[in-house]
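**Q** Below: one structure in structure tokens.
Any read-out appearing in this document is the output of simple, stated calculations on the displayed coordinates, not a laboratory observation. If you're wondering where the values come from, they're calculated on a predicted model, not measured in any experiment. A quick note on method: Cβ atoms are made from the backbone with ideal geometry, for glycine too, and the neighbour counts reach across all protein chains shown.
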Amino acid sequence: MTLKKYKPYLISIAIPLAVGGISAFFTMKGMPYFQMQEKPWFQPPNAAFPIVWTILYSLMGISAARIWQSNDPKKTQALRTYGLQLAVNFLWSVIFFGLHNYFLGFLWLLLLIGLVGKMILQFAQIDKKAAKLQIPYLLWCSFAAILNFSIWWLNR
């Protein structure tokens, strides 16, 4: 197999991983404040988050590469939605960890969930496997919304 075959996948995986890494870099100063906040009983251990996000970003990248390589005329709009949800994902960390605004973070997650749902529907019209690869992300964002709301509720 040649590198040319894998290049779209490598680029597509690198993009969300970079977005997540940059987001973490910009918001790490807010972590000590967050660590002092009360958490719900179902809060996963801190070590779980980078593992889960690395997997999710990788699945997102594989999915996006499948769409990118498609000849379907709807791919441009689907990839725009993908880019928009990635930007919203990035800004959630800024709102939640950087600004410590947990309620706005919850509302922002609802927006993200809506965009991810829209993206999945758009991807499904082009490549059903690409759409299915986004389902764990949708489920994680839904769990994150419950977690985010609980953190806001416990610390309001």
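**Q** Determine the calculated [θ] at 222 nm for the chain from helices alone, applying -39500 (n - 2.57) to every DSSP H run no shorter than 4 residues and normalising by the residue count; nearest 500 deg cm²/dmol. Numbers along the way, then the final one.
**A** On the way: 7 runs with 122 residues, N = 156.
Estimated from H runs of four or more residues: -26500 deg cm²/dmol.
**Q** Can you tell me the orientation of helix 135-155 relative to the chain, as the angle in degrees between its alpha-carbon axis and the longest Cα principal axis, to the nearest 10?
**A** That helix lies at roughly 10 degrees to the long axis.
**Q** Using a 7 Å offset from the Cα along the Cα-to-Cβ direction at both residue 125 and residue 94, what is the distance between the two label points in nm, to one decimal?
**A** According to this spin-label approximation, the distance is 3.0 nm.
**Q** For the chain, calculate the relative contact order in percent as a whole number, restricting contacts to Cα pairs under 8 Å that are 6 or more residues apart. Each step should come with its number before you reach the end.
**A** Values: 164 pairs, mean separation 49.2, N = 156.
Relative contact order of the chain: 32 percent.
**Q** Against the longest principal axis of the chain, how steep is helix 48-68, in degrees 0 to 90 to the nearest 10, with axes from Cα atoms?
**A** With rounding to tens, the tilt is 30 degrees.
**Q** Output the 0 to 90 degree angle, nearest 10, between the alpha-carbon long axis of helix 102-126 and the longest principal axis computed from the alpha carbons of the chain.
**A** Relative to the chain, helix 102-126 is tipped by roughly 10 degrees.
**Q** Express the C-alpha Rg of segment 58-108 as a ratio against the empirical globular expectation 2.2 N^0.38 Å, rounded to two decimals.
**A** 1.45
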